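**Q** The structure under discussion is supplied below as structure tokens; questions concerning it will follow.
The values are calculated or read from the model by the stated rules, or taken from the named source; none is laboratory data. Fair warning: this is a prediction, and the values are worked out from it, not measured in the lab. Neighbour counts are summed over all protein chains in view; Cβ atoms, including those assigned to glycine, are modelled from backbone coordinates with ideal geometry. Note: areas computed on protein heavy atoms with side chains; ligands, DNA, RNA excluded. Shrake-Rupley method; radii C 1.70, N 1.55, O 1.52, S 1.80 Å.
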Amino acid sequence: MLIGIIGLKFTGKTTLYNVITGAGLPTGQGGVDTHRAMGKVPDPRLDILTEMFNPKRQVNASVEWVDIPGFQPGAGADGGREATRFLEHGRKMDALAQVIRCFDGGYGTPDPMDELETMALELALADLQIVENRLEKLTKEKSKMGKVANPLEPPMMERFRAQLEQDRPLRDLELNPDENKIASGYSFLTLKPMIVVLNHEEDAVPPIDVAEAAGRAGAEVVSLSAGMEEELAELSEEEAGEFLADLGIEEPALNQMIQASYGALDLQSFFTVGPDECRAWAVIKGATAPVAAGVIHSDLQRGFIRAEVTAYDDLIAAGDMSAAKAANKVRLEGKGYLVQDGDILEIRFSV
Ligand SMILES: Nc1nc2c(ncn2[C@@H]2O[C@H](COP(=O)(O)OP(=O)(O)OP(=O)(O)O)[C@@H](O)[C@H]2O)c(=O)[nH]1
Ligand SMILES: [Mg+2]
């Protein structure tokens, strides 16, 4: 899972990236390089399972974060190149997180609504260009061959154009599975799951109107203070926790970013346990047991027979696996079973 951190210049992207990856990159320097780092997904349930099963290793799920250089709208030829570069990076991501500056920090009065709208426009224009190029090609194809390869595509692209011309994201449109398949071939930016990060001073109230506007455009909204949390990196975990609690901050930036990412990508967690490893995995909500098995290994999906399923809460209530079995909390489920968040799975398979 690849999440790209995007935004205008000096909004705190690299600061946030440092907070969630511990990378320690210099900030406030207008970087032009892209950085990537894998980050563990913290999950207290997995820590408890590890205590219970005492395996050789614990393997958390992971997310890869990408710090993408910011862009300056309307910055002439050079700014134009920069904008293109940021869009090219963005297309490779599974989800985008736009950081918005809600602090002054010596960069002038913040205008979070303007940043939100500027980015929405930039992404919509980039997608519109693809749609228009495609429509042009389809028109040529039709006049040359008398028809197009996929008759679903021209009306779909027309719909896309109408949507984008109103600066609305493609994410808002209802697509049927066939359309989704066609659209997925184009890496549309406004079709990607979106997180909007309101980066503000720790004692400030994040702008509610911007949060609402972002929510209406289908984004997950996070509000945090990257600058303040970066300073906490010098403290011990315990001291940092106390500091956040004093400020009334319940979830540190990393947890908020993970929750928003899972929300935007519609993911949930399941676990596998055993003497070798206790491990957390991410799978799309609504996935069947074989699809979840396929996240572990394609053989497990291909040769799926059934899954032994224990709900995390049932296991904790029972105390251990044999007590859960005795209490009939370990169920045998077939191919149609829909995996639930927190399920502990053991896949029976044969290939
Ligand atoms: N006051 C305040 N300053 C912050 C906050 N977050 C980041 N900053 C500061 O804002 C400046 C810019 O931060 P960066 O993280 O470098 O911004 P960026 O978005 O990566 O900038 P570019 O890579 O140039 O686009 C730095 O001096 C940070 O210390 C915050 O929450 N409050
Ligand atoms: Mg930066």
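**Q** With a sphere of radius 12 Å drawn around the Cβ of Lys147, what net charge do the other residues whose Cβ falls strictly inside it have (Lys, Arg +1; Asp, Glu -1)?
**A** Value of the local net charge: 0.
**Q** When the accessible area of region 51-161 is split by element with a 1.4 Å probe, what percent falls to carbon and sulfur? Walk me through the intermediate numbers first.
**A** Working: 2990 of 5910 Å².
Using a 1.4 Å probe with all protein chains present, region 51-161 comes out at 51 percent carbon and sulfur.
**Q** Starting from the Cα of Asp111, step 7 Å along the direction of its Cβ; do the same at Asn176; then give the gap between the two resulting points in nm.
**A** Going from the Asp111 label point to the Asn176 one covers 4.4 nm.
**Q** From Cα pairs below 8 angstrom and at least 6 apart in sequence, can you work out the relative contact order of the chain, rounded to a whole percent?
**A** 18
**Q** By how many nm would the segment from Glu51 to Met38 lengthen if fully extended, with 0.36 nm per residue of separation less the alpha-carbon distance?
**A** 2.2 nm
**Q** Same structure again: I want to verify a result. In a Gaussian network model of the chain, Cα cutoff 10 Å, which of these has the top mean-square fluctuation: Ala23, Ala323, Ala149?
**A** Of Ala23, Ala323, Ala149, the most mobile in the Gaussian network model is Ala149.
**Q** Taking the chain as a Gaussian network, where each spring joins two C-alpha atoms under 10 Å apart, which residue of Gly24, Gly248, Gly227 fluctuates the most?
**A** Its mean-square fluctuation being the largest, the pick is Gly248.
**Q** Next question. Springs between alpha-carbon pairs under 10 angstrom, Gaussian network model over the chain: which of Phe103, Phe243, Phe271 fluctuates most?
**A** Phe243
**Q** Find out how many positive minus negative residues lie around Asp178, taking Lys and Arg as positive, Asp and Glu as negative, among other residues whose Cβ is under 14 Å from that of Asp178.
**A** Its environment carries a net charge of -1.
**Q** Would you mind calculating the relative contact order of region 286-349 from Cα pairs under 8 angstrom and at least 6 residues apart, reporting the percent as a whole number?
**A** Averaging sequence separation for qualifying contacts and normalising by length gives 49 percent for region 286-349.
**Q** Dipole of the chain (Lys/Arg Cβ +1, Asp/Glu Cβ -1, origin at the Cα centre): which of Pro155, His297, Gly7 lies farthest to the positive side?
**A** Highest projection toward the positive end goes to Pro155.
**Q** Under a straight-distance cross-link criterion of Cα-Cα below 16 Å, which aspartates and glutamates are reachable from Lys140, leaving out those fewer than 8 residues away in the same chain?
**A** Cross-link targets: Glu132, Glu153, Glu158.
**Q** Would you mind working out the accessible area per residue for the chain, using a 1.4 Å probe, and quoting it in Å²? Write down the numbers at each step before the final one.
**A** Values: 17780 Å² over 351 residues.
Result: 51 Å² of accessible area for each residue.
**Q** Of the peptides 28-38, 286-296, 105-115, how do they stack up when ordered by the mean number of other Cβ atoms within 10 Å, highest first? Working shown, then result.
**A** Numbers: 28-38: 12.5, 286-296: 19.9, 105-115: 14.4.
Top of the packing list down: 286-296, 105-115, 28-38.
**Q** Once every DSSP H run of n ≥ 4 in the chain is given -39500 (n - 2.57) and the sum is divided by its residues, what mean residue ellipticity at 222 nm do you get, rounded to the nearest 500 deg cm²/dmol?
**A** Values: 14 runs with 154 residues, N = 351.
Helix contribution divided over all residues of the chain: -13500 deg cm²/dmol.
**Q** Taking 2.2 N^0.38 Å as the expected size of a compact globular protein, what ratio does the Cα radius of gyration of the chain give against it, to two decimals? Each step should come with its number before you reach the end.
**A** Details: Rg = 23.0 Å, N = 351, 2.2 N^0.38 = 20.4 Å.
Against the empirical 2.2 N^0.38 Å value, I get 1.13 for the chain.
**Q** Each label point is 7 Å from the Cα along the Cα-to-Cβ direction; what then is the distance between the points at Asn150 and Asp167, in nm?
**A** Going from the Asn150 label point to the Asp167 one covers 3.0 nm.
**Q** Within region 223-295, list the GluC sites (Glu not before Pro) lying in a DSSP loop whose Cβ has at most 13 other Cβ atoms in a 10 Å radius.
**A** In loop regions of region 223-295 (DSSP not H, G, I, E or B), the sparsely surrounded GluC sites (Glu not before Pro) are Glu234, Glu250.
**Q** Along the charge dipole of region 1-123, which of Cys102, Pro73, Tyr17 sits closest to the positive end, that is, farthest toward it, with unit charges on the beta carbon of Lys, Arg, Asp and Glu (+1, +1, -1, -1)?
**A** In region 1-123, that residue is Tyr17.
**Q** Here is a further query. What distance in nm lies between label points placed 7 Å from Cα along the C-beta direction at Gln259 and Ser236?
**A** Using points 7 Å along Cα→Cβ, the separation is 2.7 nm.
**Q** Another question about this same structure. What shape does region 286-349 take by its C-alpha gyration tensor, where a ≥ b ≥ c are the square roots of the eigenvalues and a/c under 1.5 counts as rounded, a/b above b/c as prolate, and the rest as oblate?
**A** prolate
**Q** Give me the percent of the accessible area of region 286-349 that comes from carbon and sulfur atoms, probe 1.4 Å, all protein chains in place.
**A** Answer for region 286-349: carbon and sulfur cover 49 percent of the accessible area.
**Q** How large is the charge dipole for the chain, taken about the Cα centre, if only the Cβ atoms of Lys, Arg (+1) and Asp, Glu (-1) carry charge, to the nearest 20 debye?
**A** 2380
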